[in-house]
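The values are calculated or read from the model by the stated rules, or taken from the named source; none is laboratory data. Keep in mind it's a predicted model, so treat the numbers as computed, not measured. As a convention, Cβ positions derive from the backbone with ideal geometry for all residues, glycine included, and neighbour counts pool all protein chains shown. Protein only, heavy atoms only, side chains kept; ligands, DNA and RNA dropped before computing areas. Shrake-Rupley method; radii C 1.70, N 1.55, O 1.52, S 1.80 Å.
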Amino acid sequence: MPLRLRNQVLEMFDHAYQNYMDHAYPADELMPLTCRGRVRGLEPSRGDVDDALGKFSLTLIDTLDTLALLNKTAEFEEAVRRVVTDVRLDNDIVVSVFETNIRVLGGLLGGHSMAVMLKESGRMVWYQDELLHMAKDLGLRLLPAFNTSSGLPYPRVNLRFGVRGPETRTGTETDTCTACAGTIILEFAALSRFTGDPTFEAHARRALDFLWEKRQRNSNLVGTTINIHSGEWVRRDSGVGAGIDSYYEYLMKAYILLGDDQFLQRFNTHYASIMKYISQPPLLLDVHIHKPLLPARTWMDSLLAFFPGLQVLKGDIRPAIETHEMLYQVTKKHNFLPEAFTTDFRVHWAQHPLRPEFAESTYFLYKATRDPYYLEVGRTILENLNRFARVPCGFAAMKDVRTGSHEDRMDSFFLAEMFKYLFLLFAEEEDLPFNVEEYIFTTEAHLLPLSLSTASNSQAAKLFAGEELDDSNFEWTCPNTRLLFPDPAFPRNLREPIRSAVDKSCPRPTTHREPGMGHPPLRAQDFMANNPEHLELLRRMGVSLIHLKDGRVQLVQHATQAVSAVAAEDGMRFMQEMMELSSQQQKEQLPPRAVQIVSHPFFGRVVLTAGPAQFGMDLYKSSSGVRGFVTVAEPYNGCSVLSNGEIVAGRIALLQRGQCMFAEKARHIQKAGAIGGIVIDDNEGSSSDTAPLFQMAGDGRNTDDVTLPLLFLFHKEGNILLEALKEYREVEVLLSNKARDRGEMLSETEPRHEYENMLIFEEAKALFTSEEKDHTSPASSEPVDQSQVTTQEQTTDDSVMGQESVQPAEGLGSYDPVDVGEEPAVDGDYSSQSVDSLMADWQEDLEAFKQMEKDEL
């Protein structure tokens, strides 16, 4: 099979490369659907994507060392001649420093390495370092971008004019991504050591030093975007995907290429934090650098697919196998890795621009384990490319992996990386024209010789000169995986539970049993976060609970921590059930609702943003809403039969979040005769201003018996209502899908006198400047806050059925999940707020609801 697949790789490469040369060259890239070249300025702008194009025949330069590796020596020699003769680098065009470095500078250096290798073997004797001269020319054109106080480069540079002056049309940017500034060292150090000019390496080292100094010292993580002048983090989310990925890669590979221990020390420090906070095998989930236990988003991007390959270089094979298997199952589910996918493996962004990172990790895992399973993975990649991406003029990117629609693009990295890794995966040692062990792959898969570590400009060579070999250095080498994993079934045992989780095809055994105990396993719909027996069952299944600061409870599963393989399988099934139950709840995302105080002295002026429930009366379908006086339920948590049922009857009950399911609360107040309910968050300081608005989920069972409306208020909004109740004793509210006009409120209450405007203001002032008192009744202490349970397998802000739970609602009050982990802007003491501020808040709520009405129309 490998021989046939290797030949298939060569045929596919020829199809892509020849169509570029026939239909696109000397343009930067091929447009495979229209069979023409993409020339910047002649095609409609695609935004930042076009910054990779510099009118320098990008695809040809990016493909040079691929030609050499695939034994296409004649084509390589012809391509080098074309680059030397045709390509010009002094174009008046603004390009990405990052993309130009890894694709063009890296391509020229990789091509130079191959040309030198061939010349030493008697081929290309005419070659006189022409590609290296072009590389130095390009390096000098990139250097002006590093002229900042921090040493971090500007994200863009004009190839002719640099970054200063109006003619450059750039140099005004203030931010860059961490990977953009931290993915320079391999190419610049190689250029310095090839040419003997230390300038390039010095600039790249300075940028890396600055990023290291700006890491978050407690978590040892870096953010995604940084200000190149001040060094302040602009985006504080941290992961191993887009925006950061190759920064970590280059720390590790800089150590391999340059032999400088400092790079490995930094990588190891970062890696320990990645495995502590970001890695939740098989998932890799972004977190906040200041609060690394808080997830920053609920999806993963496809660029993180490189990370298992990096873990192989690190020698950490187990998590590499697990994450790779998850990615493979997602690939089989959608034919390609979507640009982004959720933690329950659904499409988040549907594009796939033929990225090579998954093939890269597949190659490195095969090389580490020699498990033929990875040859099968490679075959799947080839088949999907031919079945779904191949077109008459090349291979077209997928516009939507769900529909199979194409996009008229074939990025240069497809030829630079994809075919390198697939060829190496299937090739035998005798098929290769040189020993790849003597080279390091850049992030664009360009080949740089490891001999550069002893080049004349090498600081490492001076550092280690005359030193005797230190035994401790052996701790800094990759372990022999054959010794680590003598059992050839080991990788398979790691993959099985992950496959079951993704494809949802894991059969339930006929013999039911508790994990490792011979009894039925715990079902997701029965789980209660405050049940000690359930917590013990989770522990045995390798599932742990993390109590988040905002009151949520997060479920995390580590199959390797289960008491047995059977228990681990049950744990994976339990997590999958949690995700399926949550998916059922998300079928209908409901818009926010309104709690409007309509009694004297408010008359509809106060509108509180409320979260809806996925059960009970749908206020959206009610033209009048539900109007009534409010009263506090006893017990306040509403988790048992109400002791003040005669008072609650005919009124809207106020309840505290926690200790039981929302549906259970609703049933208790409905039994007491309430006409509606409002659940108030017990997490002090929470507010719809600083957290996503949630919708309350059911209990996994039929909730058709609940007919009254139930709404959710965060602590800040709920406190306003409770303070009004304490001050005025009788407070009437309207529960509705949107705020009603104040004139309508007045017409339904007592006649309004001319002086009431002043009364409203003065009485509101008296109300909200009074000292805040404890509004909670006894019996509200709870050992486990189960307001929301999320699975780290899915790590969404969505809740899991079977809990008192809340889910994000669309529209007013919903915010970017990245901001959820920031400190709330509001503290719990509302007496310190000015009336003007409160009135402004109310006005904003009213305007927001009005805007929502317009959006609905």
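Looking at LEU131, is it of a type outside the set (Phe, Trp, Tyr) and in contact with a Leu (Cβ under 7 Å, 6 or more places away or on another chain)?
Working: of a type outside the set (Phe, Trp, Tyr): yes; in contact with a Leu (Cβ under 7 Å, 6 or more places away or on another chain): yes.
Yes.
Of all residues in the stretch 651-665, which are open to solvent by 10 Å² or more (accessible area, probe 1.4 Å), assigned to a loop (DSSP other than H, G, I, E, B) and over 26 Å from PHE603 (Cα atoms)? Spell out the reasoning first.
Step one: filter the stretch 651-665 for residues open to solvent by 10 Å² or more (accessible area, probe 1.4 Å), giving 651, 656, 659, 661, 664.
Now drop any that are not assigned to a loop (DSSP other than H, G, I, E, B), which leaves 651, 659, 661.
Hits for the stretch 651-665 are GLN659, MET661.
Rundown of residues vs (1) open to solvent by less than 10 Å² (accessible area, probe 1.4 Å); (2) modelled with pLDDT under 80; (3) in a loop (DSSP other than H, G, I, E, B); (4) assigned by the TED database to the domain that holds PHE662, yes/no style:
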site: GLU569; (1), (2), (3), (4): no, yes, no, no
site: MET578; (1), (2), (3), (4): yes, yes, no, no
site: SER582; (1), (2), (3), (4): yes, yes, no, no
site: HIS600; (1), (2), (3), (4): no, no, yes, yes
site: THR609; (1), (2), (3), (4): yes, no, no, yes
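A quick yes/no check of all residues on (1) modelled with pLDDT under 50; (2) open to solvent by 50 Å² or more (accessible area, probe 1.4 Å); (3) touching a Gly at 6+ places or on another chain (Cβ under 6 Å); (4) under 21 Å from ALA79 (Cα atoms):
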{"residue": "PHE413", "(1), (2), (3), (4)": "no, no, no, yes"}
{"residue": "GLU428", "(1), (2), (3), (4)": "no, yes, no, no"}
{"residue": "LEU447", "(1), (2), (3), (4)": "no, no, yes, yes"}
{"residue": "LYS462", "(1), (2), (3), (4)": "yes, yes, no, no"}
{"residue": "ASN473", "(1), (2), (3), (4)": "yes, yes, no, no"}
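Within the set of pairs 6+ apart or on separate chains, which have a first residue in the stretch 397-423 that is more than 25 Å from ILE61 (Cβ to Cβ), a second that is part of a helix (DSSP H, G or I) and open to solvent by 10 Å² or more (accessible area, probe 1.4 Å), and C-beta atoms under 6 Å apart?
VAL401/HIS334; GLY404/PHE388
Does LYS420 meet the test of being in a helix (DSSP H, G or I), under 26 Å from TYR328 (Cβ atoms) and either open to solvent by less than 20 Å² (accessible area, probe 1.4 Å) or among the acidic types (Asp, Glu) (or both)? Walk me through how you get there before you give the answer.
Numbers: in a helix (DSSP H, G or I): yes; under 26 Å from TYR328 (Cβ atoms): yes; either open to solvent by less than 20 Å² (accessible area, probe 1.4 Å) or among the acidic types (Asp, Glu) (or both): yes.
For LYS420, the condition - in a helix (DSSP H, G or I), under 26 Å from TYR328 (Cβ atoms) and either open to solvent by less than 20 Å² (accessible area, probe 1.4 Å) or among the acidic types (Asp, Glu) (or both) - is met.
Cβ-Cβ below 9 Å, separation at least six or inter-chain, first residue in the stretch 61-85 and under 19 Å from GLY122 (Cα atoms), second among the acidic types (Asp, Glu) and buried (at least 24 other Cβ atoms within 10 Å of the Cβ): which pairs?
As it stands, the answer is PHE76/ASP65, since those pairs meet every condition given.
Out of the stretch 314-331, which residues are touching a residue at least 60 places away in the same chain (Cβ under 8 Å) and farther than 13 Å from PHE364 by Cβ?
First pass over the stretch 314-331, keeping only residues touching a residue at least 60 places away in the same chain (Cβ under 8 Å): 314-315, 317-318, 321-322, 325-326, 329-330.
ARG318, GLU322, GLU325, MET326, GLN329, VAL330 - these are the residues of the stretch 314-331 that are touching a residue at least 60 places away in the same chain (Cβ under 8 Å) and farther than 13 Å from PHE364 by Cβ.
Can you work out which of the residues in the stretch 11-53 that are closer than 17 Å to ALA397 by Cα and basic (Lys, Arg) is surrounded by the fewest Cβ atoms within 10 Å (Cβ to Cβ)?
Per the criteria, the residue is ARG46.
So THR690 ticks every box in (1) open to solvent by 10 Å² or more (accessible area, probe 1.4 Å); (2) closer than 19 Å to GLY611 by Cβ; (3) at pLDDT 75 or above but one. Which box is left unticked?
The single condition THR690 does not satisfy is (3).
Restricting attention to the stretch 532-567, which residues are in a loop (DSSP other than H, G, I, E, B), at pLDDT below 75 and surrounded by 15 or more Cβ atoms within 10 Å (Cβ to Cβ)?
Once the filter is applied, which keeps residues that are in a loop (DSSP other than H, G, I, E, B), at pLDDT below 75 and surrounded by 15 or more Cβ atoms within 10 Å (Cβ to Cβ), the stretch 532-567 yields LEU548, ASP550, GLY551.
Could you please find all residues in the stretch 637-650 being touching a strand residue (DSSP E or B) at 6+ places or on another chain (Cβ under 7 Å) and surrounded by 20 or more Cβ atoms within 10 Å (Cβ to Cβ)?
Answer for the stretch 637-650, where residues must be touching a strand residue (DSSP E or B) at 6+ places or on another chain (Cβ under 7 Å) and surrounded by 20 or more Cβ atoms within 10 Å (Cβ to Cβ): ASN637, GLY638, VAL648.
Condition (residue is open to solvent by 50 Å² or more (accessible area, probe 1.4 Å), closer than 16 Å to ASN19 by Cα and part of a helix (DSSP H, G or I)) applied to the stretch 59-76: is it met by at least one residue?
Of the stretch 59-76, the ones open to solvent by 50 Å² or more (accessible area, probe 1.4 Å) are 71, 74-75.
When the remaining residues are screened for being closer than 16 Å to ASN19 by Cα, the result is 75.
This time we only want the ones that are part of a helix (DSSP H, G or I), so: 75.
Yes - at least one qualifying residue is present in the stretch 59-76.
Yes or no, residue by residue, for (1) closer than 23 Å to PHE615 by Cα; (2) at pLDDT below 50; (3) surrounded by 14 or more Cβ atoms within 10 Å (Cβ to Cβ):
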| site | (1), (2), (3) |
| --- | --- |
| PRO709 | yes, no, yes |
| PHE714 | yes, no, yes |
| ILE720 | no, no, yes |
| VAL731 | no, no, yes |
| ASP741 | no, no, no |
| LEU746 | no, no, yes |
| PRO751 | no, yes, no |
| GLU762 | no, yes, no |
| GLU771 | no, yes, no |
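Determine, yes or no, whether THR362 is of a type in the set (Ser, Thr, Tyr) and modelled with pLDDT under 95.
Criteria not met by THR362.
Conditions: (1) of a type in the set (Val, Ile, Thr); (2) outside any helix (DSSP H, G or I); (3) open to solvent by 50 Å² or more (accessible area, probe 1.4 Å). THR85 meets all but one. Number of the miss?
The one condition THR85 does not meet is (2).
Do we have GLN525 as assigned to a strand (DSSP E or B) and either at pLDDT below 75 or open to solvent by 50 Å² or more (accessible area, probe 1.4 Å) (or both) here?
Against the criterion (assigned to a strand (DSSP E or B) and either at pLDDT below 75 or open to solvent by 50 Å² or more (accessible area, probe 1.4 Å) (or both)), GLN525 does not qualify.
Out of (1) open to solvent by less than 30 Å² (accessible area, probe 1.4 Å); (2) touching a Gly at 6+ places or on another chain (Cβ under 7 Å), the odd one out for LYS291 is which?
(1)
Looking at LEU590, is it among the hydrophobic types (A, V, I, L, M, F, W, C), modelled with pLDDT under 95, outside any helix (DSSP H, G or I) and touching a helix residue (DSSP H, G or I) at 6+ places or on another chain (Cβ under 8 Å)?
yes
Would you pick out the residues in the stretch 298-320 that are more than 23 Å from MET572 (Cβ to Cβ), under 18 Å from the mean Cα position of the chain (by Cα) and open to solvent by 20 Å² or more (accessible area, probe 1.4 Å)?
Result: LEU303, single match.
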